[in-house]
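Undergrad: Submitted below is the structure of interest, expressed as structure tokens.
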Amino acid sequence: MTVVGGALLGTLSLATPLLLAALGETVVQRSGVVNVGLEGMMLTGAFAAFVGTVLSVHLPYHLLGADPNPYFGLVVAVLAGMLIALVFALFVVRLAANQVVVGVVVNLLALGLTGTLLRTLPRTGGGFLQTQALPQIFFNQTILTPLAFIAVPCVWWWLFRTRRGLELRACGEQPVAAEAAGIPVMRRRTAAILFGGAMAGLAGAFLSVGDVPTFQEGMSAGRGFIALAIVTSGRWNPWGCLIAALVFGFTDRLQIQGQAIGLHIPHDLLLALPYIATLLILAFGSGWSVSPAALGRPYRRT
Amino acid sequence: MNTLPLPTTDVTPPSLPMRTLRFLLQIAGYTLGFLLLLGLTFLALRIPAAEALRSLWTGAFGDAQNGHLAALSNTLIETTPLVLTGLGVVVAWRAGLFSIGGEGQLLMGALAATALAKVGGHLPAPLLTVLMVLVATLSGAVWGALAGWLRVRRNVQEVISTIMLNYVAKFVVSWLVLGVLQEHTHHNPQSESLPNTVLFARLLPRQWSDNMQTSLHGGVFLALLAVLVIAVALYRTPMGFGLRVMGQNAEAARAAHFPVDALRMRAMAISGGLCGLAGVIELLGSSTGSLPANDFSSGWGYTAVPVALLGGLHPGGTLLSALFFGALTAGCRNLSQFQGVPTVLIYLIQGMAVLAVVGGRASRARRTGSETE
């Protein structure tokens with residue numbers, strides 16, 4: 001494979017978890033909820049995928065065979081993402097608590113819970129935690145990469161071309177008016193948050209069983225926050241998210257290959273590049289003007 | 001925030017004894033829940049719970065055998081940065097700005113102080129110390145004000161921008177410390193060590209604790225002073241009043257001719273300044289005063305958010321909750337030394353604590369129909 005092709009595929013694969021999480025978060029934010037806990041949800045997904053894969057051997061009757069099955073890990077990751085999203089929704093939607101506060105708490109809980117539970121897992125030889133990775137189905141990519149890219153038009157279609165999508169966006173723009181029109185705002189927001197949790201779970205699974213099949217404490221390493229930035233710089237639109245995620249994947253790739261192709265930029269500055277780029281995009285794109293009007297505001301039925 | 005009705009039920013504030021009783025009951029409830037959670041976690045990790053709890057306590061407060069000073073000094077050392085970064089969160093969040101940028105502001109403070117020490121190494125020691133503190137506070141404030149400017153002029157959500165600025169600060173620190181600021185032998189990934197005269201003095205004499213040098217330093221007084229200053233600034237000055245009004249309802253504040261944009265800039269600058277101060281205090285309070293390229297902060301900027309939330313976004317409450325988390329950190333360190341308990345356990349406890357407080361507050365607000373936060 002050519003150097004260019006390799007770089008391209010590398011970009012796609014680095015963009016995958018960001019894109020998955022950002023698409024979920026786009027739907028969540030369109031419903032009027034900002035989920036700062038995305039980072040924690042991804043971490044939970046990563047951990048759940050890992051544990052699910054390890055434990056798939058112990059299913060009754062060897063349902064999935066005698067080898068660890070990473071696809072079972074994916075299912076567990078989605079469920080775990082939805083479970084933690086349910087807790088988030090309980091506080092944010094039912095109790096109308098501050099969304100940033102609960103998001104921060106979700107991050108803390110995920111870090112503490114996964115790190116603590118990690119100690120209870122059996123270790124294989126050498127003290128390393130390892131299991132089976134997802135099989136690469138084409139061009140060295142796992143199923144998650146095509147899934148993420150196919151999800152872009154699907155989410156876009158659902159949000160902007162279906163009645164349900166319109167109703168969801170109404171919840172994020174004018175929840176009072178939406179409620180008056182007979183849309184159950186709280187239920188729709190909960191559903192959106194659950195979808196966001198499922199996508200974050202998949203994104204996390206990519207980190208733990210997608211490439212190097214292992215789990216480390218805090219392995220999401222800020223990717224959830226980057227996904228948040230992608231949603232904003234992608235202007236709450238799946239296509240925008242796609243472009244932003246690719247830009248991030250590319251800069252990530254650049255800092256890996258930077259030295260190899262003899263770029264004379266300090267390594268640390270290359271690492272900072274995606275974050276600076278986000279700030280610039282946010283500052284000098286039109287920013288707020290297109291954000292859902294009720295974003296971040298708790299809604300309570302009166 | 002916008003369309004919610006005023007409280008419909010008649011809410012007369014309960015009498016002082018009732019409030020005290022309710023407060024004590026709450027504390028008792030949280031303590032019980034906290035111990036229960038810890039016990040369950042220890043059970044899950046197959047660790048003898050009673051022994052682990054005792055080890056936690058010894059780490060934070062000491063025991064009769066080894067004395068209390070060393071442990072208490074550890075607790076206070078862990079508390080100091082949390083007080084300052086927690087206050088930073090209080091100022092910003094009270095003003096309705098959800099800044100999570102303490103980590104970056106703290107790093108920029110420590111970085112600026114290190115740069116000053118490199119350039120101004122010839123200055124007399126006390127002057128250099130004072131200048132370092134000032135420069136660090138200032139550069140933390142600038143880093144915070146940057147997020148404020150992005151919010152005011154460019155309409156960028158501060159939640160996102162502060163997180164991005166944290167990462168930028170982290171990489172700028174490792175770039176400069178591995179570059180122009182590296183110590184002269186270029187062997188270690190850290191900046192030059194500072195002479196002892198520049199560093200903060202150790203407060204407790206050796207002979208008080210079996211000739212073991214406890215590392216409690218003067219920074220703890222700066223943190224206490226900051227609590228007082230911020231409390232006065234928030235509750236006894238026009239600016240503090242403006243900040244709190246804005247935090248309650250920015251549109252109303254604007255309608256009442258409060259200079260909302262200027263207040264936002266100021267809130268972010270003060271918040272950043274406090275975190276920058278925390279950074280230089282950690283630098284000058286360390287044993288060598290050299291800034292490592294990575295992992296200088298053990299998450300003080302991030303922990304600040306639960307600290308401030310548990311403290312009810314109030315300076316005094318923040319002091320108490322920083323003490324709680326400081327003791328917890330010191331205790332957990334002792335625990336992990338002896339029994340292989342993960343240090344991340346502390347995040348779980350922090351999360352649960354804040355969730356209990358937030359949940360309690362939110363469900364009360366739901367009953368009475370009033371606003372949360």
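Undergrad: Please specify each residue of segment A:174-190 satisfying the condition of being crowded, with 17+ Cβ neighbours inside 10 Å and not basic (Lys, Arg).
TA: Within segment A:174-190, A:Gln174, A:Pro175, A:Ala178, A:Glu179, A:Ile183, A:Val185, A:Met186, A:Thr190 qualify.
Undergrad: Within the group A:Leu207, A:Leu168, which residue is under 20 Å from A:Trp236 (Cα atoms) and of a type in the set (A, V, I, L, M, F, W, C)?
TA: A:Leu168 is the lone residue from the list that is under 20 Å from A:Trp236 (Cα atoms) and of a type in the set (A, V, I, L, M, F, W, C).
Undergrad: The conditions are (1) within 14 Å of chain A (Cβ to nearest Cβ); (2) part of a helix (DSSP H, G or I); (3) out of contact with any Asp or Glu (no Cβ under 7 Å at 6 or more places or on another chain), and B:Ala322 fails exactly one of them. Which is it?
TA: Of everything listed in (1) within 14 Å of chain A (Cβ to nearest Cβ); (2) part of a helix (DSSP H, G or I); (3) out of contact with any Asp or Glu (no Cβ under 7 Å at 6 or more places or on another chain), B:Ala322 misses just condition (1).
Okay, residues lined up against (1) touching a Ser or Thr at 6+ places or on another chain (Cβ under 8 Å); (2) at pLDDT below 80; (3) of a type outside the set (D, E, K, R); (4) closer than 19 Å to A:Leu109 by Cα:
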residue: B:Ala327; (1), (2), (3), (4): yes, no, yes, no
residue: B:Leu335; (1), (2), (3), (4): yes, yes, yes, no
residue: B:Gln339; (1), (2), (3), (4): yes, yes, yes, no
residue: B:Thr343; (1), (2), (3), (4): yes, yes, yes, yes
residue: B:Leu348; (1), (2), (3), (4): yes, no, yes, yes
residue: B:Gly351; (1), (2), (3), (4): no, no, yes, yes
residue: B:Leu355; (1), (2), (3), (4): no, no, yes, yes
residue: B:Gly360; (1), (2), (3), (4): no, yes, yes, yes
residue: B:Glu371; (1), (2), (3), (4): no, yes, no, no
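Undergrad: Run down B:Gly279, B:Gly312, B:Gly289 and say which single residue is part of a loop (DSSP other than H, G, I, E, B), of a type outside the set (Lys, Arg) and under 21 Å from B:Ser215 (Cα atoms).
TA: B:Gly289
Undergrad: Determine whether A:Thr131 is over 15 Å from A:Gly32 (Cα atoms), buried (at least 21 other Cβ atoms within 10 Å of the Cβ) and under 19 Å from the mean Cα position of the chain (by Cα).
TA: Spelling it out, it is not the case that A:Thr131 is over 15 Å from A:Gly32 (Cα atoms), buried (at least 21 other Cβ atoms within 10 Å of the Cβ) and under 19 Å from the mean Cα position of the chain (by Cα).
Undergrad: Within segment B:23-47, can you find the residues that are closer than 21 Å to B:Arg361 by Cβ and surrounded by 11 or more Cβ atoms within 10 Å (Cβ to Cβ)?
TA: Correct list: B:Gln26, B:Gly29, B:Tyr30, B:Gly33, B:Phe34, B:Leu37.
Undergrad: Among the candidates A:Ser208, A:Ser220, single out the residue that is assigned to a helix (DSSP H, G or I), more than 11 Å from chain B (Cβ to nearest Cβ) and surrounded by 22 or more Cβ atoms within 10 Å (Cβ to Cβ).
TA: A:Ser208
Undergrad: I'd like to verify a number: residues in segment B:150-168 that are facing chain A (nearest Cβ under 9 Å) and either surrounded by fewer than 20 Cβ atoms within 10 Å (Cβ to Cβ) or of a type in the set (A, V, I, L, M, F, W, C) (or both), how many?
TA: So the answer is 11.
Undergrad: Enumerate the pairs (first residue in segment A:95-117 and facing chain B (nearest Cβ under 7 Å) and free of Cβ contacts under 8 Å to residues at least 12 places away in the same chain; second residue anywhere and of a type in the set (A, V, I, L, M, F, W, C) and outside any helix (DSSP H, G or I)) with beta-carbon separation below 6 Å, excluding pairs fewer than 6 apart on the same chain, so at least 6 apart or on different chains.
TA: A:Gly112/B:Val344
Undergrad: Continuing with the same structure: Kindly evaluate A:Gly52 against the criterion of being farther than 20 Å from A:Pro146 by Cβ, buried (at least 24 other Cβ atoms within 10 Å of the Cβ) and free of Cβ contacts under 8 Å to residues at least 60 places away in the same chain.
TA: yes
Undergrad: Within segment B:173-182, restricting attention to residues that are in a helix (DSSP H, G or I) and at the interface with chain A (Cβ under 8 Å from one of its Cβ atoms), which residue is surrounded by the fewest Cβ atoms within 10 Å (Cβ to Cβ)?
TA: This residue is B:Trp175.
Residue-by-condition table, conditions (1) within 11 Å of chain A (Cβ to nearest Cβ); (2) in a helix (DSSP H, G or I):
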| residue | (1), (2) |
| --- | --- |
| B:Thr137 | no, yes |
| B:Ala141 | no, yes |
| B:Ala145 | no, yes |
| B:Phe171 | yes, yes |
| B:Leu194 | no, no |
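Undergrad: What are the residues in segment B:258-278 that are touching a residue at least 24 places away in the same chain (Cβ under 8 Å) and either among the aliphatic types (A, V, I, L, M) or in contact with a strand residue (DSSP E or B) (Cβ under 8 Å, 6 or more places away or on another chain) (or both), if any?
TA: Those that are touching a residue at least 24 places away in the same chain (Cβ under 8 Å) and either among the aliphatic types (A, V, I, L, M) or in contact with a strand residue (DSSP E or B) (Cβ under 8 Å, 6 or more places away or on another chain) (or both): B:Leu263, B:Met265, B:Ala267, B:Met268, B:Ala269, B:Ile270, B:Leu274, B:Leu277, B:Ala278.
Undergrad: Filter segment B:80-120 for residues that are in a loop (DSSP other than H, G, I, E, B) and touching a residue at least 60 places away in the same chain (Cβ under 8 Å); which is surrounded by the most Cβ atoms within 10 Å (Cβ to Cβ)?
TA: B:Gly101
Undergrad: Here are some residues: A:Thr116, A:Thr53, A:Thr120. Which one is assigned to a loop (DSSP other than H, G, I, E, B) and farther than 28 Å from A:Pro238 by Cβ?
TA: Only one candidate qualifies: A:Thr120.
Residue by residue, here is whether (1) under 25 Å from A:Ile84 (Cα atoms); (2) within 14 Å of another protein chain (Cβ to nearest Cβ); (3) modelled with pLDDT of 80 or more; (4) under 14 Å from the mean Cα position of the chain (by Cα) holds:
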| site | (1), (2), (3), (4) |
| --- | --- |
| A:Ala191 | yes, no, yes, no |
| A:Gly197 | yes, no, yes, yes |
| A:Gly201 | yes, no, yes, yes |
| A:Val212 | yes, no, no, no |
| A:Gly258 | no, yes, no, no |
| A:Ala277 | no, yes, yes, no |
| A:Trp288 | no, yes, no, no |
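Undergrad: Now for a different question. Here is a list: B:Val198, B:Val229, B:Val156. Which entry is more than 20 Å from the chain's Cα centre (by Cα) and within 24 Å of B:Tyr302 (Cα to Cα)?
TA: Result: B:Val156 is the single residue among B:Val198, B:Val229, B:Val156 that is more than 20 Å from the chain's Cα centre (by Cα) and within 24 Å of B:Tyr302 (Cα to Cα).
Undergrad: Any residue at all in segment B:133-144 that is surrounded by fewer than 22 Cβ atoms within 10 Å (Cβ to Cβ), modelled with pLDDT of 95 or more and under 18 Å from B:Pro259 (Cα atoms)?
TA: Looking for residues that are surrounded by fewer than 22 Cβ atoms within 10 Å (Cβ to Cβ), modelled with pLDDT of 95 or more and under 18 Å from B:Pro259 (Cα atoms), one finds none in segment B:133-144, hence no.
Undergrad: Here is a follow-up. Please find, among B:Phe324, B:Phe296, the residue that is of a type in the set (A, V, I, L, M, F, W, C) and surrounded by fewer than 23 Cβ atoms within 10 Å (Cβ to Cβ).
TA: Exactly one residue qualifies, and that residue is B:Phe324.
Undergrad: Restricting segment B:19-49 to residues that are among the aromatic types (Phe, Trp, Tyr) and closer than 15 Å to B:Cys332 by Cα, which is nearest to the other protein chains (Cβ to nearest Cβ)?
TA: Per the stated criteria, the residue is B:Phe42.
Undergrad: Is it the case, given these coordinates, that A:Thr232 is facing chain B (nearest Cβ under 9 Å) and either at pLDDT 75 or above or buried (at least 19 other Cβ atoms within 10 Å of the Cβ) (or both)?
TA: Yes.
Undergrad: Related question: Every residue in segment B:325-346 that is away from chain A (no Cβ under 11 Å) and touching an Asp or Glu at 6+ places or on another chain (Cβ under 7 Å), please.
TA: Within segment B:325-346, B:Gly326, B:Thr329, B:Ala330 meet the criteria.
Undergrad: Name the one entry in B:Leu234, B:Leu203, B:Leu216 that is aliphatic (A, V, I, L, M), modelled with pLDDT of 90 or more and under 23 Å from the mean Cα position of the chain (by Cα).
TA: The conditions single out B:Leu234.
The values are calculated or read from the model by the stated rules, or taken from the named source; none is laboratory data. Computed from a predicted model, the values in this text were never measured in an experiment. Neighbour counts are summed over all protein chains in view; Cβ atoms, including those assigned to glycine, are modelled from backbone coordinates with ideal geometry.
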